[in-house]
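The values are calculated or read from the model by the stated rules, or taken from the named source; none is laboratory data. It should be emphasised that the depicted structure is a prediction, and the values quoted were computed from it without experimental measurement. When we count neighbours, we look across all protein chains shown, and the Cβ atoms used for this are built from the backbone with ideal geometry, even at glycine.
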2 protein chains.
Amino acid sequence: MVNGMKPLQVGLLGAGTVGGGVFTVLQRNQLEIERRAGRQIQISMVADINTERAQEIVQGRAQIVNDAYQIINNPEIDVVIELIGGYGIAKELVLAAIATGKHVVTANKALIAVHGNEIFAAAKKQGVIVAFEAAVAGGIPIIKALREGLTANRIEWIVGIINGTTNFILSEMRDKGSSFDEVLKEAQCLGYAEADPTFDIEGIDAAHKASIMSAIAFGVPVQFDKAHIEGITKLEPIDIQYAEQLGYRIKLLGITKRTSHGIELRVHPTLIPAKRLIASVEGAMNAVQVQGDAVGTTLYYGKGAGSEATASAVIADLVDIIRYDSVEQNKRVPYLAFQEDKVMNTVVMPIGEITTSYYLRLKVSDETGVLAKITKILADNIISIDALLQKEADAGESQTDLVILTHQTQEKFMIQAISDIELLPTVKGSVTKIRLEELS
Amino acid sequence: MVNGMKPLQVGLLGAGTVGGGVFTVLQRNQLEIERRAGRQIQISMVADINTERAQEIVQGRAQIVNDAYQIINNPEIDVVIELIGGYGIAKELVLAAIATGKHVVTANKALIAVHGNEIFAAAKKQGVIVAFEAAVAGGIPIIKALREGLTANRIEWIVGIINGTTNFILSEMRDKGSSFDEVLKEAQCLGYAEADPTFDIEGIDAAHKASIMSAIAFGVPVQFDKAHIEGITKLEPIDIQYAEQLGYRIKLLGITKRTSHGIELRVHPTLIPAKRLIASVEGAMNAVQVQGDAVGTTLYYGKGAGSEATASAVIADLVDIIRYDSVEQNKRVPYLAFQEDKVMNTVVMPIGEITTSYYLRLKVSDETGVLAKITKILADNIISIDALLQKEADAGESQTDLVILTHQTQEKFMIQAISDIELLPTVKGSVTKIRLEELS
């Protein structure tokens with residue numbers, strides 16, 4: 001110990017995979033962490049309703065209780081780590097810990113995305129820190145980069161591969177040409193996807209993280225309820241292949257942009273140029289690309305989940321608390337990067353108002369004049385074509401695939417154009433539409 | 001202004017490209033920065049011996065003086081930004097600013113790499129901050145990531161593409177098959193290389209940055225004088241091509257590793273697998289890959305130089321100073337990430353002691369038995385072969401290229417083996433040796 005300072009006393013709520021990682025890393029790297037922080041960190045209490053499971057993880061290194069309030073009401077505890085997850089009991093306990101004047105570290109993206117504004121307001125009132133580096137992109141210090149590293153910049157946009165499960169699935173679909181359902185099963189076997197994968201594959205987890213980054217980047221409240229969210233469940237291998245032929249990859253991106261009309265906040269499968277660095281992020285890895293007006297493009301890459309990678313972020317937050325503990329509140333890094341009285345209520349635009357490029361796939365009759373009709377509809381809706389891919393019809397087939405990449409347009413014009421195109425008798429079934437971002 | 005706080009008063013030493021960027025970004029993003037920092041930043045004085053040049057950059061926004069001591073001795077100035085560069089006058093002025101109790105922000109990698117230990121000792125004595133985010137990898141917040149974001153980790157190694165000029169040259173040599181000399185001329189025309197490019201092409205600039213990262217990663221002093229440095233001037237396009245055929249790219253890497261025998265600190269052209277993300281970093285861009293024991297691999301990518309990208313890092317340091325100004329010294333982030341009394345004097349190993357893999361290219365007579373003799377010499381030196389590439393001799397040629405990738409060995413064994421191989425009458429000329437890192 002430096003200066004004979006008492007170790008930081010930490011109480012852990014929720015003894016699961018990440019909690020185990022926090023114990024393991026704190027123990028293995030105790031000296032290394034203390035060499036940096038100048039103070040020891042000690043997890044002295046752990047709360048879990050399943051005390052047997054907790055014992056397996058804690059292995060005698062801390063007192064185990066089944067009632068979280070024994071930690072929250074213990075005046076010896078300086079910091080509470082919340083690793084329960086979800087919006088329910090986690091919210092109640094975090095607010096209770098704040099009320100007793102404890103700092104909070106959480107890895108809970110759902111909680112921050114849905115109740116962040118309320119939690120930060122309560123924390124400000126009590127003068128405590130609520131740190132959440134682990135909530136976005138796991139071990140990648142992206143919250144620190146955005147809140148502190150890029151303070152000179154007007155952030156223009158952020159795109160992120162911020163859900164490892166879906167990136168693993170998309171990488172496998174591309175490598176093997178398999179269907180979404182096949183790869184999902186494989187991912188579940190390998191432990192890359194949960195038994196109920198809804199939050200991941202429907203894009204909700206990515207939207208939680210994108211909402212948090214949006215607030216920190218632009219100085220607006222956390223607005224998860226305004227996010228437009230599409231998952232990858234309807235994505236077909238054929239679209240991944242056509243995208244490839246056109247020089248693109250399909251990734252599930254969390255996207256947030258600042259425009260003159262408001263903020264874009266959306267999660268959906270997206271074509272991106274294969275030559276961009278972020279397009280090469282494969283498997284369960286995460287990456288976040290940030291466009292700042294001064295720094296230009298920066299990118300941050302690493303493990304977005306996992307026991308020790310998440311623990312790395314949780315412990316970094318504990319070290320920051322050691323450093324900022326005694327700082328006057330108004331000199332600390334603001335929760336959402338911007339001073340609370342400077343947060344703006346900039347509107348999140350409805351999806352119809354956003355502007356982007358598109359990939360369209362249509363089944364058309366293999367006859368002359370079809371293309372002219374489709375391009376006329378696009379032109380009538382002021383949509384111009386960037387690239388076209390028309391497959392020759394297979395022998396004996398009367399239909400063929402037509403793939404169109406468009407230049408930028410407002411989504412509402414694209415929706416109108418598609419509905420007009422689908423009325424054409426030479427167009428069979430519905431049009432597949434995937435948004436495209438050049439990221440330049 | 002928040003709380004009616006007086007703007008942070010900054011004095012700028014050296015009005016050049018980066019200084020201009022600092023002015024431009026501070027002015028353009030004044031509101032955005034203040035929304036984050038809670039306090040205005042004002043550059044009130046600028047010192048440059050060329051006051052005419054300074055006037056062009058300052059444009060009436062600050063007082064210009066030709067004597068830096070007018071800034072250093074001005075009690076109204078809180079922070080001095082040193083953008084002069086080099087080891088000479090910059091060192092004297094930085095130490096003088098520290099002596100008068102001013103915080104210092106510098107982008108000067110040479111200064112920190114060569115005199116960092118002395119400067120930090122002086123700063124500690126005076127209780128002032130010396131910040132240097134801009135000194136490594138320009139706009140990428142890599143110092144922040146290493147000092148604060150990864151505090152939970154035992155860092156195992158760092159490799160970085162940390163010199164944009166040489167990465168631009170290598171990218172062009174690969175794309176166009178041109179020679180080093182040709183591409184250097186092109187780079188000079190385009191402004192990617194300076195008129196005297198020695199510091200860049202000989203690897204010295206990269207070694208400055210690698211030395212700083214090594215200290216921060218491992219808790220050792222800055223040891224630039226112990227770094228092994230090789231540039232790219234002798235690299236031939238043929239080696240880039242053979243590497244490509246074997247699935248590798250050649251990059252000038254700054255490398256620092258922690259081993260059980262000491263620290264490796266070296267800069268040299270390096271083969272890395274083409275499939276690694278960092279291998280796709282092209283042109284003048286920078287990237288740093290960090291291996292931590294908890295977080296695994298993380299990577300940080302962005303512009304390593306340029307007016308506004310560097311200004312982004314300088315201004316982020318100013319905002320940090322606003323935040324840490326009133327913090328007791330022993331709670332601030334330590335200069336080199338580790339508490340000063342916990343810095344270890346771990347030895348930097350001589351290059352002969354390091355362990356790595358190798359790419360070898362030999363000109364051999366096109367006759368039987370040659371390969372057997374070479375592989376015997378390697379085996380005698382306990383070096384095993386990973387891959388072999390033998391070009392068929394061109395018609396009428398009696399010599400052919402032999403390329404060997406080896407498994408890991410100590411450099412001194414490799415040097416011995418090469419000197420034995422070069423004695424073989426069937427081997428013509430000297431053996432080209434390039435180190436190879438798998439980065440996994």
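Okay, here's what the table says:
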| read-out | value |
| --- | --- |
| Filter result (more than 17 Å from B:THR151 (Cβ to Cβ), within 13 Å of another protein chain (Cβ to nearest Cβ) and out of contact with any strand residue (DSSP E or B) (no Cβ under 6 Å at 6 or more places or on another chain)) within the range A:125-153 | A:VAL136, A:LEU146, A:THR151, A:ALA152 |
| Sole residue being hydrophobic (A, V, I, L, M, F, W, C), in contact (Cβ under 8 Å) with a residue 60 or more places away in the chain and farther than 15 Å from A:ALA294 by Cβ, chosen from B:VAL22, B:VAL10, B:VAL46, B:VAL18 | B:VAL10 |
| Pick from the range B:349-358, criterion in a helix (DSSP H, G or I) and not small (Gly, Ala, Ser), ranking: farthest from the other protein chains (Cβ to nearest Cβ) | B:ILE351 |
| Test for A:ALA294: is it touching a helix residue (DSSP H, G or I) at 6+ places or on another chain (Cβ under 7 Å), facing another protein chain (nearest Cβ under 9 Å) and part of a loop (DSSP other than H, G, I, E, B) | yes |
| Filtered residues of the range B:13-55 (kept if among the charged types (D, E, K, R), in a helix (DSSP H, G or I) and touching a helix residue (DSSP H, G or I) at 6+ places or on another chain (Cβ under 8 Å)) | B:GLU34, B:ARG35, B:ARG36 |
| Residues satisfying the stated conditions in the range A:169-199, i.e. of a type in the set (Phe, Trp, Tyr) and crowded, with 22+ Cβ neighbours inside 10 Å | A:TYR192 |
| Strands (runs of 3 or more DSSP E) (entirely within the range B:359-436) containing at least 2 residues that are surrounded by 19 or more Cβ atoms within 10 Å (Cβ to Cβ), outside the structural domain of B:SER260 (by TED's automatic domain parsing) and out of contact with any Cys (no Cβ under 8 Å at 6 or more places or on another chain) | B:399-406, B:427-436 |
| Given (1) within 7 Å of chain B (Cβ to nearest Cβ); (2) in a loop (DSSP other than H, G, I, E, B); (3) in contact (Cβ under 8 Å) with a residue 60 or more places away in the chain, index of the condition A:THR346 fails | (1) |
| Qualifying residue in the range B:255-272 (condition: in contact (Cβ under 8 Å) with a residue 24 or more places away in the chain, hydrophobic (A, V, I, L, M, F, W, C), away from chain A (no Cβ under 14 Å) and out of contact with any helix residue (DSSP H, G or I) (no Cβ under 9 Å at 6 or more places or on another chain)) | no |
| Residues of the range B:1-12 satisfying the condition of being part of a loop (DSSP other than H, G, I, E, B) and modelled with pLDDT under 95 | B:MET1, B:MET5, B:LYS6 |
| Any hit, the range A:20-41, residues being more than 14 Å from chain B (Cβ to nearest Cβ) and touching a Phe, Trp or Tyr at 6+ places or on another chain (Cβ under 8 Å) | no |
| Count of the range A:63-82 residues which are more than 32 Å from the chain's Cα centre (by Cα) and either outside any loop (DSSP other than H, G, I, E, B) or among the acidic types (Asp, Glu) (or both) | 5 |
| Filtered residues of the range B:189-229 (kept if touching a Pro at 6+ places or on another chain (Cβ under 9 Å), more than 14 Å from chain A (Cβ to nearest Cβ) and assigned to a helix (DSSP H, G or I)) | B:LYS226 |
| Any chance B:SER171 is away from chain A (no Cβ under 14 Å), over 29 Å from B:THR100 (Cβ atoms) and of a type in the set (Gly, Ala, Ser) | no |
| Failed item, numbered, when A:SER326 is tested on (1) surrounded by fewer than 23 Cβ atoms within 10 Å (Cβ to Cβ); (2) at pLDDT 95 or above; (3) touching a Lys or Arg at 6+ places or on another chain (Cβ under 7 Å) | (2) |
| Residue list for the range B:133-168, restricted to those being more than 25 Å from A:GLU34 (Cβ to Cβ) and part of a helix (DSSP H, G or I) | B:ALA134, B:ALA135, B:GLY164, B:THR165, B:THR166, B:ASN167, B:PHE168 |
| B:GLN40 among the polar types (S, T, N, Q), touching a residue at least 12 places away in the same chain (Cβ under 8 Å) and out of contact with any Lys or Arg (no Cβ under 6 Å at 6 or more places or on another chain) | yes |
| Single residue of A:ASP380, A:ASP401, A:ASP420 found to be out of contact with any Ser or Thr (no Cβ under 7 Å at 6 or more places or on another chain), more than 25 Å from A:HIS268 (Cα to Cα) and touching a residue at least 40 places away in the same chain (Cβ under 8 Å) | A:ASP380 |
| Test for B:GLY231: is it crowded, with 24+ Cβ neighbours inside 10 Å, at pLDDT 95 or above and among the small types (Gly, Ala, Ser) | yes |
| Filter result for B:ILE321 (assigned to a helix (DSSP H, G or I), of a type outside the set (Lys, Arg), more than 8 Å from chain A (Cβ to nearest Cβ) and under 30 Å from B:GLY127 (Cα atoms)) | yes |
| Single match in B:ILE263, B:ILE238 (criterion: outside any loop (DSSP other than H, G, I, E, B), over 15 Å from the mean Cα position of the chain (by Cα) and more than 29 Å from B:GLN390 (Cβ to Cβ)) | B:ILE263 |
| Residue in the range A:186-209 that is modelled with the lowest pLDDT, counting only those that are in contact with an Asp or Glu (Cβ under 9 Å, 6 or more places away or on another chain), of a type outside the set (Gly, Ala, Ser) and more than 19 Å from A:ALA113 (Cα to Cα) | A:TYR192 |
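Let's see how each residue does on (1) over 27 Å from A:ALA193 (Cβ atoms); (2) more than 7 Å from chain B (Cβ to nearest Cβ); (3) in a helix (DSSP H, G or I); (4) basic (Lys, Arg):
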site	(1), (2), (3), (4)
A:GLY283	no, yes, no, no
A:VAL288	no, yes, no, no
A:LEU299	no, no, no, no
A:GLY302	no, no, no, no
A:SER312	no, no, yes, no
A:ASN330	yes, no, yes, no
A:ASP341	yes, yes, yes, no
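Residues are listed down the side, and each one gets a yes or a no for (1) basic (Lys, Arg); (2) within 22 Å of the chain's Cα centre (by Cα):
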residue: B:ASN29; (1), (2): no, no
residue: B:ARG39; (1), (2): yes, no
residue: B:ILE49; (1), (2): no, no
residue: B:ILE57; (1), (2): no, no
residue: B:ARG61; (1), (2): yes, no
residue: B:ILE84; (1), (2): no, yes
residue: B:GLU92; (1), (2): no, no
residue: B:LEU95; (1), (2): no, no
residue: B:PHE120; (1), (2): no, yes
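Residue by residue, here is whether (1) small (Gly, Ala, Ser); (2) surrounded by fewer than 24 Cβ atoms within 10 Å (Cβ to Cβ); (3) at pLDDT below 95; (4) outside the structural domain of A:ALA217 (by TED's automatic domain parsing) holds:
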residue	(1), (2), (3), (4)
A:LEU253	no, no, no, no
A:PRO273	no, yes, no, no
A:ALA287	yes, no, no, no
A:GLY292	yes, no, no, no
